Amino acid sequence: MVGENVKALSYKNEDTEVLDLKGKFITPGFIDSHVHLMTGGRSLLNVDLRDANTPEEFSRRVGNFAKTLELGDWIMEGNWDHTLWGGELPKKEWIDSITPNTPVLLFRLDWHMALANSAALKFAGIDNKTLDVIGGEIIKDSNGQLTGLFKDNAMNLVLDKIPAMTPKQKDLAFSAAQNYFVSNGVTSVHDVDGLNKDFESYSVARKYLDNNDLKVRIYAATPLNEWRKLRDMKDESDEWLKTGCLKGFVDGSLGSHTAVFHDHYSDNHSDHGLFINTSDSLYSWIVNADKLGQHVFVHAIGDSANHVVLDIFEKATKENGRKDRRFRIEHAQHLLPDDIPRFSQLGVIGSMQPYHAIDDGRWAEDYIGSERIKTSYAFKALLEADATVTFGSDWAVAPASPLLGIYAAVTRRTLDGKNPNGWVPEEKITIEAALKAYTSTAAFASFDDDIKGTLSSGKLADFVILSDNITQIDPVKIKDVKVLRTYVGGKQVFTSTSPNDR
Ligand SMILES: [Zn+2]
C-alpha cells in the first residue's frame, strides 16, 4: 500500500522493518527500456576499454587481461571508443604481439564495429581474399591488407565462429548483470537480446526465477526475423519474466558511419550509411508479427532509417487496422523535422537513450553538420509534439545508470565538458519528464503500465531510495546522487555498503 503513516502502521507486525528515510528521496523502480543483458554482463567480466584514451593504454589493458586467461579463452567486448584518442581506428597490429595465441574480438562501444587480432582471423578462416557481406564491411588498408576491423554484418564472419558462451559463462554474466542493474536502481529491463540465440538471457533468467534468485524483471525480445519462433513458443510470461516483443534493425550507428541518412555524411560526401535489412523484408516481418499481436521494436539511427521505419509502421497499421500496438523505434536518434509529429500521429514510441547525446554530442556535428544536430536526440521536440518517449541506456554501449541518463537529458552537458549549458540546449527537458521516461512511460512501453511505473496502491512494490531529492537539487549534481537501496516486489535487492550512505 501507499499512503499516510497511521494507516501504514496498522499493517505492522513483529516482522515489519520500519525505515525512517530522514528526507531521502524515494522513486518508483527505474525501468531501463533498452539493454543488451548478456553481452553487458559479459563485458563486466572482460577487459574494459571504455575509458582507454590512448592506443598505448588500449594495448596495455588487452595485454594485461590476456595474462589472466587460459589457453583457448577469447577476449571479447572491450567497448573501445576511438574518438578518445583523436579518431584513428585501432588495428590488429596494436595487439597482435601481446596476444599471439589468444583470439581477440573487441567491439567499439556501439557494437557496430569490431577489431579482431590475427589469432581470431586465423581461427575464423578470414584472409585478404574474404569477400564483404551485405550490410557490412571488412576494412582493409590501402594495400588491400586486413586491418582486423569489421563493420556491422561483417562482424558476423568472426562472431559466428566464436564458441557459444558455456552455461557457466552465461551464469556468471547474468549474475553480474542483475547485480549491476539493482545497484543502479534499475528494477526492470527490456532486454533487446533476451531471446537472441547467441546472447539470450531468457533461459538463465527462468532458472534464476525458479530458484527465487531473480532480482530484476525482464521483458525479453526475440529477433524480428524470428517472429515465427515467438509465435510457436509457449507463453509463460508473468510479472518477472515476459516475452511477446521482437526487435529488428534497419541501419547501423552514427559512430561507425553506418547510420543511414537522407543526405551524405558531412565528413564523407559519398557516404550515406548502410541499410542492414531491406524495407521489404522489414515490412513482411512486421506486418506478420503485428497481425499476431506481437510487440515490434525497430532500431533506427539515421534520419532516413527513421523515415523508412515510420513508413513501414504506417503501412502495417493500415494493413492490420487500428489497435493498441505501441510500435517502438529504438534510438530514434536523428530525425527529419517533418517526421517528428509522425510519432504521435502513428502512436509510435520513441525509445531513446539520453546518455548517447552527451557522449556522441562530442563529435556528432563533425559527422552530420550543424543543421542535422538540431533534430538529433530531440527529446523536447518529440515530447512537445505529444510523442511518447521512453528512456533506456543501451547498456553496455552506455552505463545502465538512470541517474546518469536523467542528468544527460536535463543538462545535455557533453562528457568532454565543452558544452556547460548543454549541447543543442533547446532539447533539454525537465527532471520530471526525464523521470517519467524512466518509470511510468517505460512501463507503458512494455504494456506494464497497469502494474508498475508509479508508486501507487495495487502496483508492484518496486522502488528505489536515493541520497537526494533529484527534483529539487541543481541538475548538474544529479550525476553524483547515489542509489542507497533498491527493492523489487517489496524485497530489498541492493543496499549501498558505503559508510557515508547509511
Ligand atoms: Zn542497443
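Tabulated data
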quantity	calculated
Residue list for segment 213-224, filter: farther than 17 Å from A400 by Cβ, touching a residue at least 12 places away in the same chain (Cβ under 8 Å) and not hydrophobic (A, V, I, L, M, F, W, C)	T222, P223
Subset of segment 179-198 [under 30 Å from T497 (Cβ atoms) and among the hydrophobic types (A, V, I, L, M, F, W, C)]	F181, V182, V186, V189
Residue check, E319 out of contact with any Gly (no Cβ under 9 Å at 6 or more places or on another chain) and within 30 Å of G255 (Cβ to Cβ)	no
Conditions (1) on the phi > 0 side of the Ramachandran plot; (2) out of contact with any strand residue (DSSP E or B) (no Cβ under 7 Å at 6 or more places or on another chain); (3) at pLDDT 95 or above; (4) not polar (S, T, N, Q): number failed by R413	(1)
For D210: the one exception among (1) over 27 Å from G489 (Cα atoms); (2) without any contact (Cβ under 8 Å) to a residue 40 or more places away in the chain	(1)
Qualifying positions in segment 370-398 - part of a helix (DSSP H, G or I) and open to solvent by 10 Å² or more (accessible area, probe 1.4 Å)	S370, E371, R372, I373, K374, T375, K380, A381, L383, E384
Count of segment 426-438 residues which are open to solvent by 10 Å² or more (accessible area, probe 1.4 Å), in contact (Cβ under 8 Å) with a residue 24 or more places away in the chain and of a type outside the set (D, E)	5
Segments classed as strands (runs of 3 or more DSSP E), wholly inside segment 287-369, with at least 2 members that are within 16 Å of the ligand (Cβ to nearest atom), of a type in the set (G, A, S) and buried (at least 23 other Cβ atoms within 10 Å of the Cβ)	349-352
Filter result for T278 (polar (S, T, N, Q), open to solvent by 10 Å² or more (accessible area, probe 1.4 Å), touching a residue at least 24 places away in the same chain (Cβ under 8 Å) and away from the ligand (no atom under 16 Å from the Cβ))	no
Search result, residues across segment 184-226 that are away from the ligand (no atom under 16 Å from the Cβ) and either open to solvent by less than 40 Å² (accessible area, probe 1.4 Å) or part of a strand (DSSP E or B) (or both)	N184, G185, T187, S188, Y202, V204, A205, Y208, L209, L214, V216, R217
Test for A120: is it part of a helix (DSSP H, G or I), in contact (Cβ under 8 Å) with a residue 24 or more places away in the chain and surrounded by 22 or more Cβ atoms within 10 Å (Cβ to Cβ)	yes
Criterion violated by K479 - all others in (1) touching a helix residue (DSSP H, G or I) at 6+ places or on another chain (Cβ under 7 Å); (2) in a loop (DSSP other than H, G, I, E, B); (3) over 18 Å from V182 (Cβ atoms) satisfied	(2)
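The values are calculated or read from the model by the stated rules, or taken from the named source; none is laboratory data. If you're wondering where the values come from, they're calculated on a predicted model, not measured in any experiment. Don't worry about glycine lacking a Cβ; one is built from the backbone with ideal geometry, like all the others, and counts go over all protein chains shown. Heads up: the accessible areas ignore ligands, DNA and RNA and are worked out on the full protein's heavy atoms, side chains in. Shrake-Rupley method; radii C 1.70, N 1.55, O 1.52, S 1.80 Å.
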